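Every read-out reported here was derived from the displayed coordinates using simple, explicitly stated rules and does not represent laboratory data. Fair warning: this is a prediction, and the values are worked out from it, not measured in the lab. Using ideal geometry, Cβ is built from the backbone for each residue, glycine included, and neighbour counts are taken over all protein chains shown.
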Amino acid sequence: MAVLCKPAIAVPEYIITREDTLELARQLHSDHSQLNLVLRLIEHTGVVRRHLIQPIDKVLEHPGFDARSAIYEEESKARVPDVARRALEHAELEPQDIDLIIYVSCTGFMMPALTAWLINTMGFRSDTRQIPIAQLGCAAGGAAINRAHDFCRAYPDANVLIIACEFCSLCYQPTDVGVGSLLSNGLFGDAVAAAVMRGSGGTGVRLERNSSYLIPDTADWISYAVRSTGFHFRLDKRVPGTMEPLAPALRELAEQHQWDAGNLDFYIVHAGGPRILDDLSHFLEVPPEAFRFSRATLTEYGNIASAVVLDALARMFDEASAVDGQRGLMAGFGPGITAEMSLGTWTSAE
């Protein structure tokens with residue numbers, strides 16, 4: 001069965017702290033009628049620092065959508081290959097061993113997708129399949145894992161490379177001053193992550209089952225308005241409460257596999273914010289410590305969109321506490337409102 005191996009992660013060199021963010025909010029929005037609310041919300045995100053592909057003064061300039069698109073292409077080509085190589089090394093594979101590349105990103109756009117450039121420059125076979133995913137937002141990390149699992153079920157000896165490239169700072173919009181937009185300015189960070197799913201062999205999470213669930217009538221709760229200035233992020237105030245309707249979907253997936261979602265050994269979930277993790281702890285009836293990997297990602301990197309689940313999984317590898325046979329759940333949440341969920345068992349290569 002397919003095994004998701006240790007992910008590789010890279011965060012950019014420019015750092016903005018929570019204190020920096022709060023001071024910027026005070027400077028840029030001193031006359032905002034709800035500034036005190038915004039400051040409180042940013043303080044309560046749990047984010048201590050974030051990493052950016054550009055210095056903050058460059059981020060604030062906003063040179064235009066075309067210039068930002070050029071930056072996205074340049075930075076992705078500069079940063080993705082090394083992360084992909086490290087993911088391949090973790091899986092003990094070479095580029096020629098990969099049958100499918102799944103590339104997810106909601107913060108920039110290229111056509112052809114970066115997958116074509118990677119095949120041409122990194123030594124992947126010319127018959128390597130490509131699946132670029134651009135419109136699932138933060139849920140795309142979970143979706144990439146699930147689609148890789150589906151592919152390996154269809155082709156049992158196949159290997160899949162998953163790449164998540166998120167430069168959230170390229171979506172900063174200085175004219176968006178709603179509370180949700182200002183909160184997002186203090187929440188999102190930049191990162192690149194990659195992992196290999198091996199059809200056979202490997203150490204990591206052996207995928208058992210996956211599922212998707214969409215909460216009805218919530219399509220406008222998380223969305224982009226695409227304008228001449230780029231992607232304008234829109235966040236409804238009801239989003240933090242979405243774990244109440246999603247927790248039953250997580251429970252149902254586990255029950256289908258004769259598991260109890262409240263009694264598993266590890267949880268790797270998208271950390272959109274602290275409320276998500278707190279509510280999951282409550283509704284699944286598991287201790288807060290169960291989400292320590294996701295919470296560490298949020299604290300140290302912020303919300304890095306589709307890359308969160310891969311970074312949280314890498315932290316579990318680094319903790320080196322998992323033993324063969326332990327059971328766990330992985331999930332990404334995003335626009336729709338969509339949940340991409342999977343179950344897996346820890347296994348070590350023989």
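Of all lysines in the structure, those lying under 28 Å Cα to Cα from Lys77, and not within fewer than 8 positions of it along the same chain, are Lys6, Lys58.
Normalised by the residues of the chain, what does the relative contact order come to in percent, with Cα pairs under 8 Å and at least six apart? Computed value for the chain: 26 percent relative contact order. Basic side chains Lys and Arg get +1 at the Cβ, acidic Asp and Glu get -1 at the Cβ, and with that the dipole of the chain about its Cα centre reaches some 300 debye.
For the range 231-294, GluC sites (Glu not before Pro) are listed when DSSP marks them as loop and at most 13 other Cβ atoms sit within 10 Å of their Cβ; the list is Glu285. Shown here for the range 1-107: chymotrypsin sites (Phe, Trp or Tyr not before Pro) in loop regions (DSSP other than H, G, I, E, B) with at most 11 other Cβ atoms within 10 Å, of which there are none.
Calculated from DSSP H runs of 4 or more alone, at -39500 (n - 2.57) each and per residue, what is the 222 nm mean residue ellipticity of the chain, nearest 500? The helix-only estimate for the chain comes to -11500 deg cm²/dmol at 222 nm. Based on alpha carbons, the Rg and Dmax found for the range 204-347 are 15.3, 51 Å. Where the centre of each part is set by its Cα atoms, how far does the range 291-328 sit from the range 145-190, in angstrom? Using only Cα atoms to place each centre, the spacing works out to 15 Å.
Straight Cα distances below 13 angstrom link Lys237 to the aspartates and glutamates Asp220, with same-chain residues fewer than 8 positions distant left out. Long hydrophobic helices in the chain: the complete DSSP H runs spanning 20 Å or more by Cα along their own axis with mean Kyte-Doolittle hydropathy of at least -1.0 are 65-90, 140-154. When you restrict to C-alpha pairs under 8 Å that are six or more residues apart and normalise by the size of the range 1-124, the relative contact order lands at 32 percent.
For Ala67, what charge total do you get from the other residues with a beta carbon under 14 Å from its beta carbon, if Lys and Arg give +1 and Asp and Glu give -1?
Values: positive: Lys58, Arg68; negative: Glu61, Asp66, Glu73, Glu74, Glu75.
Summing Lys and Arg as +1 and Asp and Glu as -1 gives -3.
Exposure proxy for Asp324, Asp20, Asp190, Asp57: other Cβ atoms within 10 Å of each Cβ, ordered fewest to most, give Asp57, Asp324, Asp20, Asp190. Normalised by 2.2 N^0.38 Å, where N counts its residues, the alpha-carbon radius of gyration of the range 3-198 equals 1.13. Evaluated over the Cα positions of the chain, the convex hull gives a direction-averaged projected area, one quarter of its surface, of 16.3 nm².
Seen through its C-alpha gyration tensor, with square-root eigenvalues sorted a ≥ b ≥ c, the range 124-256 comes out oblate because a/c lies at 1.5 or above while a/b is not bigger than b/c. Each part gets one Cα centre, and for the range 119-135 versus the range 27-85 those centres are 28 Å apart. Restricting the trypsin sites (Lys or Arg not before Pro) of the range 232-322 to loop positions (DSSP other than H, G, I, E, B) with no more than 15 neighbouring Cβ atoms within 10 Å leaves Lys237, Arg238. Length gained on full extension, Glu43 to Ser228, computed as 0.36 nm times the residue gap minus the Cα-Cα distance: 63.4 nm.
Sum up the charges of everything whose Cβ sits under 10 Å from the Cβ of Ala307, counting Lys and Arg as +1 and Asp and Glu as -1, but leave Ala307 out.
Value of the local net charge: -3.
Across the range 333-341, coupling constants 3J(HN,Hα) worked out from phi with the 6.51/-1.76/1.60 Karplus curve, θ = phi - 60°, read 10, x, x, x, 6, 10, 10, 10, 10 Hz, and Gly and Pro carry x.
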